[in-house]
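> Submitted below is the structure of interest, expressed as structure tokens.
The values are calculated or read from the model by the stated rules, or taken from the named source; none is laboratory data. Given the structure is predicted, the values throughout are model-derived calculations rather than measurements. Quick reminder, even Gly has a Cβ in these numbers, built from the backbone with ideal geometry, and neighbours come from all protein chains shown. Just the protein is used for accessible areas: all its heavy atoms, side chains included, with ligands, DNA and RNA removed. Shrake-Rupley method; radii C 1.70, N 1.55, O 1.52, S 1.80 Å.
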Amino acid sequence: MNIEKNKVVSINYTVKDDKGEVIDTSEGRKPLNYIHGLGYIVKGLENALEGKTVGDAISITVKPEDGYGVYSNDLIFKVEKEKFNQINNLTVGMQIQMQTENGPMIFSVAEIEDKTVTIDGNHPLAGKNLHFDVSVTSVREATQEELDHGHVH
Ligand code: ZN
């Protein structure tokens, strides 16, 4: 069975950055299961897996625009520090959820100054090339219930 939309796919994967540092890997864990075609994994990887089958292995580089996005300065904001008064131990690198015009969004705290806090809405992997080594360990039909829920059971 080949990988196509609405198939449940299991993969072993390792993803590295341009320096060869491992960003994430399934090694030592169970394979990652996902429903193909729903955008659960980054677009560049999903496209590369289309049509593959059990036993296939691929090595690909996914560019930021097909990965976690291009780094955007428009997603960096300075906010009055007093808005964060309810948060204990506000620290650089902390992830916080904030309401925006487009709904809730995750930001990381980039800088803390006397009166302002700089927050960054870019994904931590935005702007990075992603070097994937992936092998396909299983492909099967999704059940109706899985499709209804949008996730693997
Ligand atoms: Zn479910």
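> Return a yes/no flag: does region 27-37 have any residue that is within 17 Å of the chain's Cα centre (by Cα) and at positive phi.
So the first thing to find is which residues in region 27-37 are within 17 Å of the chain's Cα centre (by Cα), and the list is 31-37.
Next cut, at positive phi only: 37.
So far as region 27-37 goes, yes, one or more of its residues are within 17 Å of the chain's Cα centre (by Cα) and at positive phi.
> Hey, another quick one. Starting from region 136-153, keep only residues that are without any contact (Cβ under 8 Å) to a residue 24 or more places away in the chain and over 16 Å from Glu50 (Cα atoms), then list their pairs with residues that are of a type in the set (Val, Ile, Thr) and more than 8 Å from the ligand (Cβ to nearest atom) whose Cβ atoms are within a distance under 8 Å, requiring at least 6 positions of separation or different chains.
Here the result reads His153/Thr143, each pair linking region 136-153 to a residue that is of a type in the set (Val, Ile, Thr) and more than 8 Å from the ligand (Cβ to nearest atom).
> Hey, another quick one. Of the residues that make up region 121-132, is at least one open to solvent by less than 80 Å² (accessible area, probe 1.4 Å), in the same structural domain as Ile60 (by TED's automatic domain parsing), modelled with pLDDT of 95 or more and within 16 Å of the ligand (Cβ to nearest atom)?
No - not one qualifying residue is present in region 121-132.
> With the requirement that a residue be within 18 Å of Met98 (Cβ to Cβ), part of a strand (DSSP E or B) and among the aliphatic types (A, V, I, L, M), what does region 62-79 give you?
Of everything in region 62-79, those that are within 18 Å of Met98 (Cβ to Cβ), part of a strand (DSSP E or B) and among the aliphatic types (A, V, I, L, M) turn out to be Ile76, Val79.
> Oh, and also: Please enumerate the residues belonging to region 101-119 that are open to solvent by 20 Å² or more (accessible area, probe 1.4 Å) and either outside any strand (DSSP E or B) or in contact (Cβ under 8 Å) with a residue 12 or more places away in the chain (or both).
Across region 101-119, the qualifying residues are Glu101, Asn102, Met105, Ile106, Ser108, Ala110, Glu111, Ile112, Glu113, Asp114, Lys115, Thr116.
> Going by the structure shown, is Ala142 within 16 Å of the ligand (Cβ to nearest atom) and either outside the structural domain of Gly39 (by TED's automatic domain parsing) or surrounded by 16 or more Cβ atoms within 10 Å (Cβ to Cβ) (or both)?
On the way: within 16 Å of the ligand (Cβ to nearest atom): yes; either outside the structural domain of Gly39 (by TED's automatic domain parsing) or surrounded by 16 or more Cβ atoms within 10 Å (Cβ to Cβ) (or both): yes.
Answer is yes for this residue.
> So Gly150 passes all but one of these: (1) at pLDDT 95 or above; (2) within 16 Å of the ligand (Cβ to nearest atom). Which condition number does it fail?
Result: Gly150 fails condition (1) only.
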